[in-house]
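Novice: My structure is below; once you've seen it, I'll send some questions.
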Amino acid sequence: SVVEEEDERGVAHIVEHLAFSATSRYTNHDIVRFLESIGAEFGACQNALTSSDETIYELLVPVDKPGLLSQAISVLAEFSSEVRVSAEDLEKERGAVLEEYRGGRNATGRMQDSHWTLLFEGSKYAERLPIGTEKVIRTVTHETVRNFYHKWYNLSNMAVFAVGDFPDTQAVVELIKEHFGQKASISCPPPVIPEFPVPSHIEPRFSCFVESEAAGSAVVISCKMPAGEIKTVKDYRDSLAESIFHCALNQRLFKLSRRRDPPYFSCSSAADALVRPVKAYIMTSSCREKGTVEALESMLVEVARARLYGFSEREISIVRALMMSEIESAYLERDQMQSTSLRDEYLQHFLREEPVVGIDYEARLQKTLLPYISSAEVVKFAENFSTTSSCVIKIVEPRAHASLEDLKAVVLKVNTLEEKRSIPPWEEEQIPEEIVSQSPVPG
């Protein structure tokens, strides 16, 4: 949706809906009937996704009948260049798209959209939510939709991959070549997909959402940064160190949530790819009503504590053991791996050029690298989790209790404590050498 013009806002999503309605070969919802006949989920929402940077179509098809696989691939080939976009087709789909638009106007949808706009303020991403605008959905012409489809649906910007327990993978490749080899794109030469930068900012941004429909109170801290690449072993090592950082921090956050009178019910941290040029460190907590300011302060203090003192070797060794156990389990269960896991790997390979190395090589690589990643390597990632690093802080409350000034005061307070090194080190649990120090008297 990010490539849409002002009068096209929502058109990428409309095209996705039209694809399931009619193509040159399949008309009057033949595709939906085909999916129903094989027991697969069907419909634009189940089988496709339009986001800011890509549109993805997916068909889940039984592999025990070769004819079904061929037909499914032919459907995808039709989506690539043969979607029918007539005035009648568009009018039929308008209602469904409008219903989806209205469905997203609930409390959760409103909060997500407002937060997205704040995150990407100053960038085109802020103005191009995939659902679009009600005005465009109601009034856009089929010519505008068709022109968008012909311009951006170009074979050179597409990838097709099939994941499943295929008896003959080469035969599947030949099926793809057979069906897609007959297709040609209207736009020639192919359109260049522009870069849409997201400006950084030193001052944090704040938002207080008061939403009576909200399930409870919550705090979200997001710190944006350029999306990195994983192309070398060093890049992969850095990604492991980053994972150790979030895991070690989560161990502390979990322990805090289990203390008497904790600052929040639950809290966790993770890295997430937001849009093509940007990823973010995101820490989320749920807390009691009137507890958002306390929760925010506790979250900021823990990251500041990690920056000041890092993690102990014992904490790092525990996380290493957890990650080693996870990769060993994945390796041992490699023959039972779900198709969706492999699908996601190939998606990231095409969309973000992440390498697909296979579980055998990845397991060996992790076992080789993990023991040598030091606490010093891990703690440097805490610098990315700073309120001066393109930070956006959001709180959600059913009733208004905290103000923007309260949030700003907490950030200033924690920054001052960190500058003065007034935050004490993390107190390690004292675990005894022996669980039972004195042997019991035999009975």
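Novice: Looking at the range 74-96, which of its residues are closer than 10 Å to LEU18 by Cα and not in a helix (DSSP H, G or I)?
Specialist: VAL83, ARG84, VAL85, SER86
Novice: So, one more: Just to verify a result, which residue in the range 150-172, among those that are under 16 Å from PRO66 (Cα atoms) and open to solvent by less than 60 Å² (accessible area, probe 1.4 Å), is farthest from the chain's Cα centre (by Cα)?
Specialist: Ranking the candidates gives ALA171 first.
Novice: Something else about it: Scan the range 36-68 for residues that are assigned to a helix (DSSP H, G or I) and either at pLDDT 90 or above or closer than 17 Å to LEU175 by Cβ (or both) and jot them down.
Specialist: Those that are assigned to a helix (DSSP H, G or I) and either at pLDDT 90 or above or closer than 17 Å to LEU175 by Cβ (or both): PRO66, GLY67, LEU68.
Novice: Take the residues in the range 136-185 that are touching a Phe, Trp or Tyr at 6+ places or on another chain (Cβ under 9 Å) and among the hydroxyl-bearing types (Ser, Thr, Tyr); name whichever of them is modelled with the highest pLDDT.
Specialist: It comes out as TYR153.
Novice: For the range 175-188, which positions are assigned to a helix (DSSP H, G or I) and open to solvent by 70 Å² or more (accessible area, probe 1.4 Å)?
Specialist: Of everything in the range 175-188, those that are assigned to a helix (DSSP H, G or I) and open to solvent by 70 Å² or more (accessible area, probe 1.4 Å) turn out to be LYS177, GLU178.
Novice: Only residues that are part of a loop (DSSP other than H, G, I, E, B), open to solvent by 60 Å² or more (accessible area, probe 1.4 Å) and more than 17 Å from TYR281 (Cβ to Cβ): list them for the range 195-229, please.
Specialist: Correct list: GLU195, PRO197, GLU203, SER212, GLU213, ALA215, GLU229.
Novice: Please verify whether the range 402-418 includes one or more residues that are surrounded by 15 or more Cβ atoms within 10 Å (Cβ to Cβ) and among the polar types (S, T, N, Q).
Specialist: Yes: one or more hits.
Novice: Something else now. Any idea which of (1) touching a residue at least 12 places away in the same chain (Cβ under 8 Å); (2) of a type in the set (Gly, Ala, Ser); (3) out of contact with any Phe, Trp or Tyr (no Cβ under 7 Å at 6 or more places or on another chain) is the one SER341 doesn't satisfy?
Specialist: The failed condition is (1).
Novice: Just name the residue that is modelled with the lowest pLDDT out of those in the range 354-386 that are outside any helix (DSSP H, G or I) and either over 22 Å from the mean Cα position of the chain (by Cα) or charged (D, E, K, R) (or both).
Specialist: GLU354
Novice: Looking at this structure, is ARG33 part of a loop (DSSP other than H, G, I, E, B), of a type in the set (D, E, K, R) and open to solvent by 70 Å² or more (accessible area, probe 1.4 Å)?
Specialist: no
Novice: Any chance you could count how many residues in the range 341-361 are open to solvent by less than 50 Å² (accessible area, probe 1.4 Å) and farther than 20 Å from GLU54 by Cα?
Specialist: Total satisfying the criteria: 2.
Novice: Looking at (1) part of a helix (DSSP H, G or I); (2) at positive phi, find the lone condition where GLN71 falls short.
Specialist: All conditions are met except number (2).
The values are calculated or read from the model by the stated rules, or taken from the named source; none is laboratory data. What you are looking at is a predicted structure, and each value in this text was computed from that prediction instead of being measured. Neighbour counts run over all protein chains shown; Cβ positions are idealised from the backbone, glycine included. Note: accessible area is taken over every heavy atom of the protein model, side chains too, but ligands, DNA and RNA are not part of it. Shrake-Rupley method; radii C 1.70, N 1.55, O 1.52, S 1.80 Å.
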